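Read through the structure below, which is laid out as structure tokens, and then see the notes.
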Amino acid sequence: MSRQWLGAGVVGAAVVMAMAATPEAGQQARGATAARAATAKPYVPPRTPWGDPDIQGGWTNVSENGIPMEKPGNLGEKQLEEIEDAELADLIRERNERAAANAAGIGGRETGAGPTHWYEHYNAKNSRAWMVSDPPDGRIPPLTAAAQARTAGRGRGAGGGGGGEGGRADSWLDRSLYDRCITRGFPGSMTPAIYGNAYDITQAPGVVAIRYEMIHETRIIPLDDSPRPNARPHMGVARGRWDGDTLVVESTNFRAPFRNGSPNLRLVERFKPVAKDKIEWSLTVIDPETWTKPWTYGMQLTQDPEQQLFEYACHEGNYAMRNILSAARAEEAAAGKK
């Protein structure tokens, strides 16, 4: 070991020991870190030839896989910004161990989605302890009484995941749009999964296009306040604008609203570039007919040349759909013989 590294190690150990010895010292050190972060020069993204912030290129959320939407119950009253680096590192290690165990079938758990070399989500780095940042308690607000009545007994056949009502498989129409290789909807196609986590952002004057690897969909986002058509596509109808260096996108008119929301659901995204290879993405969910108040969650998008956008080609050999239906028929036949 060189003297330089030896000296650095001794100094680092002394700092750690001092912080451990007195909680006040630890708090002061964290305060100093926060102060430095607050005074650090903010990242300024490059500009396109027509002057907009340039966020073009390939992005991925693969390192955010495994982050729970809501705050885990074992984290007490802590808020998102109060989770320290060491605590987050422990949470990430536990999540990755669970992911590996699931893939290996340990404890009877299986992914059921093909060979392990398909998966992109191992050893995810994770930028946070959970996704919901508002309300501060990290929990999705309660449903309104009207929403509870509206969603009672409703299946998920029109949504992004799972099966139809009661898990039925009388027909392909009973299965989810995801099972049928149609869509994961929005923000489903934005959500981390075991594969298909890449995006491509392309900009032109007055418009942004986001192409998703998952189900291979594209959102066209005009940067204006033009009237929205009456159409209700699965990905909604989007309009965008720049707020400084942040792209703000408001989407409405969803055919199958997020989390069984109402037809008046409104989703507001923010794409904030925070480094050359990092975008802080957040989504605010606004639907007074469904939740008692708006709520926001977020994650980090990263540029990674190894996470290229590939063709999804879900319909080519969709054996899952055929097998789901044939297995249901086999179960019915077996039951009829008893």
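Readers should treat all values here as calculations from the given coordinates under stated rules, not as data from a laboratory. Note that the coordinates shown come from a computational prediction; the quantities given were computed from them, not determined experimentally. Note that we place each Cβ from the backbone using ideal geometry, even for glycine, and neighbour counts take in every protein chain shown.
Largest first and in whole Å, what are the equivalent-ellipsoid semi-axes of region 269-338 based on the Cα gyration tensor, each being the root of 5 times an eigenvalue?
On the way: eigenvalues 356, 121, 15 Å².
Each semi-axis is √(5λ); the values are 42, 25, 9 Å.
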Net dipole in debye of region 212-338 [+1 Lys, Arg Cβ; -1 Asp, Glu Cβ; about Cα centre; nearest 20] = 580
ask   = So for the pair LYS278, GLU316, with labels modelled 7 Å out along Cα→Cβ, what separation do we get in nm?
value = 3.7
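Would you order TRP130, TRP59 from fewest to most other beta-carbon atoms within 10 Å of each residue's own beta-carbon?
Working: TRP130 19, TRP59 25.
In order of increasing Cβ crowding within 10 Å: TRP130, TRP59.
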task = Using a cut-off of under 12 Å, list every residue of region 76-101 whose amide N is near the label point 7 Å from the Cα of ARG139 along the Cα-to-beta-carbon line.
result = 76-77
Difference of contour (0.36 nm per residue) and Cα-Cα distance, ALA231 to ALA100 = 42.9 nm
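Arrange VAL248, VAL285 by Cβ neighbour counts within 10 Å, fewest through most, would you? Please list the in-between numbers first.
Values: VAL248 17, VAL285 23.
Starting with the residue having the fewest Cβ neighbours, the order is VAL248, VAL285.
What is the Cα convex hull volume of region 173-272 when expressed per residue in Å³? Numbers along the way, then the final one.
On the way: hull volume 11.0 nm³, N = 100.
Hull volume over Cα atoms, normalised by residue count, gives 110 Å³.
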task = For each of GLU87, GLU81, count neighbouring Cβ atoms within 10 Å of the residue's Cβ, then give the residues from fewest to most.
result = GLU81, GLU87
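Between ALA335 and VAL268, what's the calculated FRET efficiency when r is the beta-carbon distance and R0 is 51 Å? Round to 0.05.
0.55
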